[in-house]
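**Q** Before I ask anything, let me first share the structure, which is written out below as structure tokens.
The values are calculated or read from the model by the stated rules, or taken from the named source; none is laboratory data. Note that this is a predicted model, so its numbers are computed, not measured. Cβ placement follows ideal geometry from the backbone for every residue including glycine, while neighbour counts extend to all protein chains displayed. Keep in mind that these areas ignore ligands, DNA and RNA; they rest on the heavy atoms of the full protein, side chains included. Shrake-Rupley method; radii C 1.70, N 1.55, O 1.52, S 1.80 Å.
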Amino acid sequence: MTARSRGRRLSTSIAAAIAAMAAALLPLSPAHAAYGADQPVYLQLVSNDGNATQLALLDGTVAFDDGNTKYRYSLRLCWQHAYPAPYFLINVNGTSSSWPTQTGTTSVAGCSQTFLYSGEVNFGSTVRNVRFDVTGGWFGSNGQYQTRTKSTGTYDNPYN
């Protein structure tokens, strides 16, 4: 009986030592970056031919992580009177443009269709700021097809 309890104590001690060693050697999971407050995004794109035809409306939010390399967005693009459908690009640090990720559509009064976009972007280096560039086209009163791109203001990353 003594040999048996000594064997149990030894195996329990070995198991405890292995568990402690495993916990010490396993890498800690990286800390998740925290996002700052959502910044409101708003841009009304209108024709610049003197008629001020409402082409598209972009609204929603953008936020930056405290690690300075990621941002997230949740936006709606309302298709008003543009032809064909309007679109927008995301411009990071004034030099890098990318297409947003469309996540669905919805119905909103005053919109032919409303496209939903959201995503979390790991830019891979410091994100100083983000800007959204909306483009829409229309046929002017003279029958000529025209396009216009308008940019939101620059949304600065508060962490750098």
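**Q** Mind listing whichever residues of segment 44-74 are open to solvent by 40 Å² or more (accessible area, probe 1.4 Å), of a type in the set (S, T, N, Q) and over 28 Å from N157 (Cα atoms)?
**A** Hits for segment 44-74 are N48, N51, T53, Q54.
**Q** In segment 95-118, which residues are open to solvent by 50 Å² or more (accessible area, probe 1.4 Å) and within 16 Å of T149 (Cβ to Cβ)?
**A** Correct list: S97, W99.
**Q** For the list (1) at pLDDT 95 or above; (2) over 29 Å from T147 (Cα atoms); (3) open to solvent by less than 70 Å² (accessible area, probe 1.4 Å), I need the number of the one condition that D38 fails.
**A** Condition not satisfied by D38: (3).
**Q** Let me ask you something else. Could you list all residues from segment 124-147 that are open to solvent by 50 Å² or more (accessible area, probe 1.4 Å) and farther than 17 Å from L75 by Cβ?
**A** G124, S125, T126, R128, F139, S141, N142, Q144, Y145, Q146, T147
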